[in-house]
Amino acid sequence: MAIRHIVQYGEDVVLRKVCRSQLTFDEKLAQTLDDMAETMYKANGVGLAAPQVGLLRRYCVVDVGDGLIELVNPVIIEKHGHQFDQEGCLSIPGRYENVERPMYVKVRAQNRKGETIIVEGEGFKARAFCHEIDHLDGIVFLDRVAEQR
Ligand code: CO
């Protein structure tokens with residue numbers, strides 16, 4: 001495993017691109033997911049998306065304290081409720097803003113083997129899923145702040 005460089009906001013357009021689907025489930029993907037988890041934990045983050053390590057692919061890692069979740073090609077298939085709370089991003093250190101998110105989301109994704117998985121998130125976990133999946137569409141949380149104004 002290896003720590004990857006976390007792309008900082010404004011440093012690279014990679015954070016502003018729509019990522020492509022991940023179609024191969026090989027050793028390289030497994031290695032990248034391992035690296036991303038290690039990088040996230042080292043930075044004391046709760047989520048990290050592929051574009052944040054310079055890869056325009058649709059996958060991310062999330063751990064809000066109850067275990068590591070790897071989401072490849074994630075799609076939010078259900079959401080309800082609202083929450084309004086503080087959010088930050090490893091690519092935008094020192095900035096924390098209130099962002100509106102659903103209180104609950106259900107996500108369909110694939111695991112590192114390409115198997116379909118369904119995961120649910122409530123509260124902070126729902127927030128983390130939404131934040132990371134936004135990254136795969138080139139959206140950062142500051143865009144959501146602007147949206148609310
Ligand atoms: Co982020």
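If you wrap the tightest convex hull around every Cα atom of the range 1-60 and split its volume per residue, you get 73 Å³.
Could you tell me which of rounded, prolate or oblate describes the range 5-149, using a ≥ b ≥ c as the square roots of the eigenvalues of the alpha-carbon gyration tensor, with rounded for a/c under 1.5 and, failing that, prolate when a/b is larger than b/c and oblate otherwise? Because a/c hits 1.5 or more and a/b fails to exceed b/c, the range 5-149 counts as oblate. So, with +1 on the Cβ of K and R and -1 on the Cβ of D and E, and no other charges, what is the size of the charge dipole of the chain about its Cα centre, to the nearest 20 debye? I would put it at about 300 debye. In the chain, the DSSP-assigned H stretches of four residues or longer account for a calculated mean residue ellipticity at 222 nm of -7500 deg cm²/dmol, using -39500 (n - 2.57) per stretch and the full residue count as denominator. Put a plus charge on the Cβ of each Lys and Arg, a minus charge on the Cβ of each Asp and Glu, and nothing anywhere else: the dipole of the range 40-109 about its Cα centre is then about 280 debye.
Projecting the Cα positions of Ala126, Gly94, Thr116 onto the charge dipole of the range 61-149 (unit charges on Cβ atoms of Lys, Arg, Asp and Glu, taken about the Cα centre) puts Thr116 furthest along the positive direction.
Bear in mind these aren't lab numbers, they're just calculated from the coordinates by the rules spelled out. Quick caveat, the model's predicted, so the values are computed rather than measured. Virtual Cβ from ideal backbone geometry, glycine too; neighbours counted across all protein chains shown.
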